[in-house]
Every structure is written in structure tokens, then in C-alpha cells.
Amino acid sequence: MMSVFKRELVGYFKNATAYVLFAIYAFLSAMFFCYFVFLENTSFMGNLFGVWLFFVEIIVVSILAMRFFSEEKKNRTDQLLYTTPVKISGIVLGKYLAGMVLYIACTLINLVYVFIIDMFGTPDVGTIFTNFLGTFLLGAAMISIALFVSSMTENPIVAAGGTAAAFILLMMADIVANFLASKVPQWLMWLPRGLANLNLFHWFDSFSGGIIPLTAVVFYISVAASFLFLTARVLERRRWR
Amino acid sequence: MIEVTGLTKRYGKKTVVNNLTFTVRRGEIIGFLGPNGAGKSTTMNMLTGYTAPTVGSIRINGYNLLDAPEKAKAAIGYLPEIPPLYMDMTVNEYLNFVFGLKKCEFPRKEHLNEICEVVRISHVRHRMIRNLSKGYRQRVGFAQALINDPQILILDEPTVGLDPKEIVEIRTLIRKLGQTRTVILSSHVLSEIQSTCERVMIINEGILVADALTEDLARSAAANSRYIVRIAAPEDQVVPVLSAIPGMLKVEIQGVMEAGTVDVLVEAEKDVDIRRALFEECAKRGWYILVITPVGVSLEDIFLQLVEQTSSASADGPLTLGGKDDKDSEEKPAPAEEDTENEEKEDDAQ
């Protein structure tokens, strides 16, 4: 697992993926920070983390999805991975952790904005901490979904597009749920409620407000674990097809 | 060392590999021969654990590849048709990565130095893989396959796309590696198998159609003795006169290559040395034999013959010669299924 992890992480920097992601993240997050925090004369960063950075994270994770398995399959380097005495779970975890490290590195760019707020006002350290924690947990879930999508295609563009589409659909679950709530009878209300809960981003709300909700933590960890398991199964199944 | 029993791979309704059964012993260099789409790469992928068989079992050093994949894979070094290289790494980084991936327990630096010496890539170790020529990439692929010091080396078409000089170098390397290891080499280049391997398995449409020592296979197929003869004689008289020689099966004019002579292909029965009778007959008529060249049967002829046989009719089982492996001859594969148009799927699978 460690070999795969190291190779992935070094690979991000070797082929400039890491620098591109840092640049995208820095540019977009700085833009959102200026518009929605700095120019609003507020030290509250909940809106930045809880709304606008979602779009940046979707872009970053979708680009990461291109590399996970699709590129390996396309370049036939997967033949090396699967014919060595490494378990598939080790390969999946190695790639996942490398993706997480890069994602966390990207999100740490936001610390710059904390320092900027500190220069002009008083940052709410507690809320900032919960926002960072929520962002890491959200990323853990998002990257596992990206890994899963990537394991199903050998086309990196499809992997990126599929991952972005999955996140956008999940985001829209709330809208569909609200629509259904006004249409379905009372006994079917569990349906829109359940649908709304599928929205990964919806679970972030409490983190934005400075709370660490246990249900959201469990939800994100469960999503991450489930999709890691599913990814390993997809890769294993591919050998049998 | 390798025991393959009833190995079958189906993609949907298409059978790409059909009931392969064979044993490979320690120290053998085996050529796995077949036309494109015959199922060679799929078989190799199954032998290395990259894909799983639909039916059948593979045992490597006594370990079942499905039950104990880590132990079985630890004994294998695999070089696929396209070497699995990361273009964004240097050779050194790549080999270090593979060293860790294969969980090698040798002293890292010394071991990698040794491998690089064997495949002669020491001078390119600090270069990016994407900047290497195809031949060097292939060598790096070899190094990757050798890193865990495998007892079994599986090479899938290792010389495809290389220039003639590189081909010679890679073949020499294979022979060298084969001195201490079991090597399975797949190829559709017949001369490569003939020059490198002691035993050949021919596969067509997923079926094992021959399993024999290379020289036995060539000898057995040389059913009749054939010669090209250049005779200074009247062209119109040559065929009737030579055809009348006892034991002669066929006389065929090949053309006139030299003024006043004619080139003739003569084919006689296997046990008849037609040369003496031919000489006497020509001498009697005052004809001069200027050139006499034996026409050998190459592996290519055998290959085409076997492939044609299996393509046109269902195969009864592999042609097993030379007594290399009695077990193999007893375990003949099942007849071909009707639906064996598997080339496209085979390509996909690769």
C-alpha cells in the first residue's frame, strides 16, 4: 500500500497535476473569499466553506478522478499493479490516501484567508476549525466516490465528467426532494427526506455554523468506507468478466 | 512448477481460451505460439493473475493462483506486450517503486544495480522513461519483471515493434535469463520461438493444437524430402524424366534462373534419398546438376498447417510429440466450440 501511496503522491507532482490543482484552488477560493468574505466586511467563513468552496472541491476531486484508475487502465500500468503480490484493497487505499493528502494540501490554502482576517479583525477559531474538519470529511467522501467512478472507466475524461456529474446530481437531490415533498402524500414523506439526505453537501451545514454533528461525521465516514469497498469490488469483478 | 488444468476464459458467449491443460517444468523455455487473437495474451494474463479464468485452475509452485494469489504471484515476473511503465518516472524511480510493490527483501541498492547490469540499462537509470527508445523501454520492462528474482518469467511478445538489432539483443537476453529460470514466451514470430525455445505450444482459437519439443515438431512435419535442383537440361523433358524415378512424388518447374538451365522442385517419399537416383538419371542423359538445395520444413509451415487444420475443422486435441510430457498427451482439450470467433474480444481483453 505504501508503495502505491508514494508513487501516486509523487506522480501528482511529477506530471504537474498537483500544481494545476493548487492553482485552480488558490485562484477560485481567493476569488470567492474576496467577494463573499473580504468585501462583505465579515469574518464569518461559513458561507465560503459551506457553499462556494463546494464548486472548487468538485473541480479538484473530478480532476483527481482522472488519474486514479482510468489512467492506469489506459496506459496498461494496471497490469503491473494487479500481477504483483499486492492486495487490491492495498492498491485502493494507497491511491485514496494519496488523493486525500493532495486534497487536504489544497484546502490548507484557506489558512491564508484566516491570516488575512486576523490582520483586519478577529477570526472565529472554533468555526474555522469545524469548517476545516467538515471540508476534510466531505473530501474523504468525495474522493471515495471519485475513486469508484474512476474504477469503472478507462477514459480519464469520462472519469472526470462522471465524477462531476455525480456530485452535481447529489447536490440537486435537495431540489428534487423539495419538489417531491409538495407532491407526495404524507405516508410517502420518507422518500423526499431520504433523498435530501443523499446530498453530501447538505450534511455540511452544521459544520459551517461551528458545530460538529456526530451524524454527519458518521455519514461521511460511512460513505467513504462504502465507496472504497465498492471500488475494490469493481476492480475484483473486472478480473472475472 | 506451473500446472494448468482445464483453463477456460469466456467473454459472454465467446470462448477465448478453451480448456487448456499443460504443465511447465522447472528450467524449461516454452514458446507460446499462435496467430493474433488466438488467446495467447489472455492465457498469459490468467497465468499471472491479471484476469481470472472462467473455469479451470492454475497452480504456481503448488499454490493455487486464486486461493493464495500473493504466494503464487511472488514467483512470477511478467512482461506484458506493452511494458507497464510510468512515463513520468525515471528508470531509477520506477525500479524502486516496483521493488517496494513486489515486497522484495534483497538489499535494495545492490539488487537494483545487479538487475540493471543484467538488462544493460545502468547508463540510462537517471533518464525519464518517456525519453527512452522502445528497445530501452522494453529492457526496463524486463528489469521490472526480474526485480523479485522470479523463478518463472512470462513474456508476452517481447520483441514486437523493435528494430532488428534490438530484437537480437532481447533474444540473447531471454536465452541468458532462461539459463536459470523457467520462461514462457509468447509470440507470433515463428523464428523467434524456433531460435529461443526448446518446447513449443501452439494455440489457435483458444485451443491447444500442439505441444512438443521444437525440433521434434519440425522433424515430424518433414514428411517428405524436398529439394530445389538446377539442371542444365531441356525444359520440356525434365518433368517426364524425373517423374519416372522410383520414389519420386512430385516434380515442379520453378522457372529459369540461369540461361540453359531449369530450376525444379522435387519431392520424394520420406525414406528415399532421391539425390542418388536423380544424379544417375541426369548423368545417363548427359544433363548437369549445377545446384541441389534441400528444402527444410520450418516451424512456419507446421504452424500454418496446424492453424489451417483447426480453423477448418474441430480439433481432436493437441499434437503432442517427443515424449516431453506424457501427462499432457493424456489430457487433451475438448473439441472446439462452434462459436470461436473471438479475435475482436481477445483484442479487447488485452
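Numbers at a glance
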quantity	calculated
HN-Hα J in Hz across region A:171-182 - Karplus 6.51, -1.76, 1.60, θ = phi - 60°, x for Gly and Pro	4, 7, 4, 4, 5, 5, 5, 4, 5, 5, 4, 7
Cα-based reach from B:LYS40 at 17 Å (exclusive), listing lysines while leaving out same-chain residues under 8 positions away	B:LYS9, B:LYS14, B:LYS345
Cα-based convex hull volume of region A:2-239 per residue, rounded to whole Å³	137
Region B:202-218-region A:202-228 distance, computed between alpha-carbon centres (Å)	61
Sequence-distant lysines (8 or more away, or on other chains) whose Cα lies within less than 20 Å of B:LYS270	B:LYS250
Per-residue HN-Hα couplings for region B:174-182 [Karplus 6.51, -1.76, 1.60; θ = phi - 60°; Hz; x = Gly/Pro]	4, 4, 5, 5, x, 5, 10, 9, 7
Computed helical MRE - 222 nm, chain A, DSSP H runs ≥ 4 contributing -39500 (n - 2.57), nearest 500	-23500 deg cm²/dmol
Amide proton proximity set for B:ALA52, modelled H, under 5 Å, gap of 5+	A:TRP240
Close Lys-Lys pairs in region A:2-239, where close means Cα under 28 Å and separation is 8 or more or interchain	14
The protein assembly as shown - convex hull of alpha carbons, volume per residue in Å³	218
Alpha-carbon Debye profile of region A:101-186, log10 I(q)/I(0) at 0.24, 0.25 Å⁻¹	-1.10, -1.14
Shielding of B:257-263 by partner chains, average beta-carbon count, 10 Å	0
Two-site label geometry, A:HIS202 and B:ALA68: point separation in nm, points 7 Å out along Cα→Cβ	5.1
Proximal charge balance of A:PRO192 [Cβ under 12 Å; K/R count +1, D/E count -1]	+1
In region A:147-240, trypsin sites (Lys or Arg not before Pro) in a DSSP loop with at most 15 other beta-carbon atoms within 10 Å	A:LYS183
Where labels lie 7 Å past Cα in the beta-carbon direction, separation of A:LYS183 and A:CYS34 in nm	4.2
Dipole of region A:2-239, positive direction: furthest Cα of A:THR107, A:ALA224, A:ALA26, with charges on the beta-carbon	A:ALA224
Extreme residue, positive dipole direction of the protein assembly as shown, given options B:GLY247, B:ASN131, A:SER43 (C-beta unit charges)	A:SER43
Average beta-carbon neighbours from other chains, 10 Å sphere, peptide B:196-206	0
Region A:132-241 - convex hull of the alpha-carbon atoms, volume per residue in Å³	129
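Throughout, read-outs are computed from the coordinates displayed, never taken from laboratory work. It should be emphasised that the depicted structure is a prediction, and the values quoted were computed from it without experimental measurement. Methodologically, a virtual Cβ is constructed for each residue, glycine included, from the backbone with ideal geometry; neighbour enumeration extends over all protein chains shown.
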